[in-house]
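Every number in this text was worked out from the coordinates using simple rules, so none of it is lab data. On a predicted model such as this, the values are computed, not experimentally measured, just so you know. Cβ placement follows ideal geometry from the backbone for every residue including glycine, while neighbour counts extend to all protein chains displayed.
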Amino acid sequence: MPHFHSVKYILALAVAVAVIGFGGSSSVWAHFAYLNRISELHEEIDHYDSEYRRDQAQIRQLTNNPKSMERIAREQYFMKKADEDIFVLSDDEGKPKTKAPADETIE
């Protein structure tokens, strides 16, 4: 009969390991998912941190140099002086779109 008691303990241990390992929010499986999410969030933090540093440098440049404010106003917002004309050039190829007449069917 001692053999039956050891099987009972081994079975209880296996069930406990399965419940702890794969069930609930504090399982080993969830732990690896949380580690993966933490890694993704660290990458996102690095991305936004670099954007923040770039924007701060641009703000410092705008506050210290009035010429840079004029340059950004002209390049990004197409602002101009009263005696100037602005031509906006596009890289689009501008292919004309052909349309079939409304009474024709296209096969």
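Rounded to the nearest whole Hz, the Karplus-based 3J(HN,Hα) values (6.51 cos²θ - 1.76 cosθ + 1.60, θ = phi - 60°) of the range 57-72 follow the sequence 5, 5, 5, 4, 5, 5, 6, 9, 10, x, 5, 5, 5, 5, 4, 5, with x at glycine and proline. Residues in the range 39-51 carry Karplus couplings, in order, of 4, 4, 5, 5, 5, 5, 4, 4, 4, 6, 5, 5, 5 Hz; the curve used is 6.51 cos²θ - 1.76 cosθ + 1.60 with θ = phi - 60°, and Gly or Pro positions show x. Computed about its Cα centre, the charge dipole of the range 1-52 is approximately 780 debye, with only Lys, Arg, Asp and Glu carrying charge at their Cβ. Computed from phi, the 3J(HN,Hα) profile of the range 14-29 under the Karplus parametrisation 6.51, -1.76, 1.60 (θ = phi - 60°) reads 5, 5, 5, 5, 5, 5, 5, x, 10, x, x, 7, 10, 7, 5, 4 Hz, with x in place of Gly and Pro.
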